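All remarks here apply to the structure that follows.
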Amino acid sequence: MSATIVLVVVGATVITVLAIAFIRCRLKKRMQARNTSTQETSVSAVNVDSKVDMVTVERFLEDIVKEKPVRFTTQNIIDFTQNFVKKLGSGGFGTVYKGQFPNGVQIAVKALHKTQDKRAEEQFMAEIGTIGRTHHINLVRLYGFCFDDTLKALVYEYMEKGSLDGYLFNENQKLKCGKLYEIAIGIAKGIRYLHDECQKKIVHYDIKPGNILLDANFSPKVADFGLAMLCDRDNSHVSVTGGRGTPGYAAPELWIPYPVTHKCDVYSYGMLLFEILGRRRNLILGLAESREWFPRWIWDKFEEGELDSVMSNCGIEYTDRDKAERMCKVALWCVQYQPDARPSMNSAIRMLEGEEEIIAPMNPFPYMIFFGGSSSQWSKTRGDSTNTATATNDGEEK
């Protein structure tokens, strides 16, 4: 009897042990299977993430390359322009041709004259070294350049409406004051970017209507950086060798032994504002002496409290007179003889947009007393320069 009981107990124990072992074995296999599956899934996820990351990085690098000026070959330029078939304009240092990239994007190619001198080469390098670093809606974009023994050229975005001077000085292609006001602010924002928002400050030195290009929507873009210079932000003054700029737009300090700062661009912008306001050249010889030089006439009318006569003379409608008056006062501030008296471009924008009060400007032309108030010392030089605009502008009033 006792032997039977012992056998039963032993048998039950063995069965229990075997059952436990079996269960443990099954659980172990399941855990191993799960771990393997998890590892495979993790490896797969890592591979997918790696592929995604690599694609993202490659696209990012491609975008960086696209943002920088590309170096083209002479054959590239010939292909883009169909062997320079369509000429847009020419200037002292080169000729501009219309072209097209293989993807259909229209371009303007400025080919430097083969008989270029050292100054032309300096301007070529200045363009690449300054505008090649910028990306702003109000600055013309430089796509690339060619620097071969047979050809030196700059490749820009194509601007459908040409240069601003074609709409200011052509009776058949006038723009309305409201549109010109928008253009004036856009130009100011482009210059502000050069002065305040680039890694290195850029001084343009040649702000004038011929160097302002207009796209299909008449949005302005500052162009022609052949005289521009990069400046360290810590240095308030710039060393300038030789005269820069265009007579009639260039600040006085560019022509006399006087320290030069970025405020020379502010002066040029002020002279440009006068021409935008009057839709005429600042200097027109043969008019009554008081109106020959437009900026001085504006100051005389402001001093006499007769800006309304300026508005009437310039054909400015009543609804635009507030904007026009702001342009008058900002222009007078921008062309102050002393650079320190001129506003920053940011302040000029705020005043134009009505966000900053405009204090009554001081007389910007006290030096003219020494010339008997005559404007005859001012050159009638138009200062036309090669730019990336089309040779023809649309003739409709906007």
Filtered residues of segment 307-336 (kept if at pLDDT below 95 and outside any helix (DSSP H, G or I)):
Cys314, Gly315, Ile316, Glu317
Answer yes if at least one residue in segment 228-245 is modelled with pLDDT of 90 or more, among the aliphatic types (A, V, I, L, M) and buried (at least 23 other Cβ atoms within 10 Å of the Cβ), and no otherwise.
no
Return the residues of segment 269-306 that are under 23 Å from Glu171 (Cβ atoms) and in a loop (DSSP other than H, G, I, E, B); say none if nothing qualifies.
Arg279, Arg280, Arg281, Asn282, Ile284, Leu285, Gly286, Leu287, Ala288
Members of segment 349-360 found to be under 10 Å from Arg326 (Cα atoms) and assigned to a helix (DSSP H, G or I), listed by number
Met351, Leu352
Somewhere in segment 120-141, is a residue of a type outside the set (Ser, Thr, Tyr) and assigned to a strand (DSSP E or B)?
yes
Any idea which of Tyr158, Tyr193, Tyr167 is surrounded by 17 or more Cβ atoms within 10 Å (Cβ to Cβ) and either within 29 Å of Ile284 (Cα to Cα) or among the aliphatic types (A, V, I, L, M) (or both)?
Tyr167
Residue set Thr150, Thr130; condition among the polar types (S, T, N, Q), under 29 Å from Met351 (Cα atoms) and in contact with a helix residue (DSSP H, G or I) (Cβ under 9 Å, 6 or more places away or on another chain); output residue Thr130
Segment 83-93 - residue that is in a strand (DSSP E or B) and within 15 Å of Gly210 (Cα to Cα) and, of those, modelled with the lowest pLDDT:
Ser90
Residues being of a type outside the set (Val, Ile, Thr), under 17 Å from Trp297 (Cα atoms) and either buried (at least 21 other Cβ atoms within 10 Å of the Cβ) or touching a residue at least 60 places away in the same chain (Cβ under 8 Å) (or both): count how many of those fall in segment 327-360.
8
Residue tally, condition touching a His at 6+ places or on another chain (Cβ under 8 Å) and not in a helix (DSSP H, G or I), over segment 186-213:
3
For residues in segment 270-309 being under 32 Å from the mean Cα position of the chain (by Cα) and either exposed (fewer than 12 other Cβ atoms within 10 Å of the Cβ) or of a type in the set (Val, Ile, Thr) (or both), which is farthest from Tyr181 (Cα to Cα)?
Ile284
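The values are calculated or read from the model by the stated rules, or taken from the named source; none is laboratory data. Because the structure is a prediction, the values reported are computed rather than measured. With ideal geometry, Cβ positions are generated from the backbone for all residues, glycine too; neighbour counts draw on all protein chains shown.
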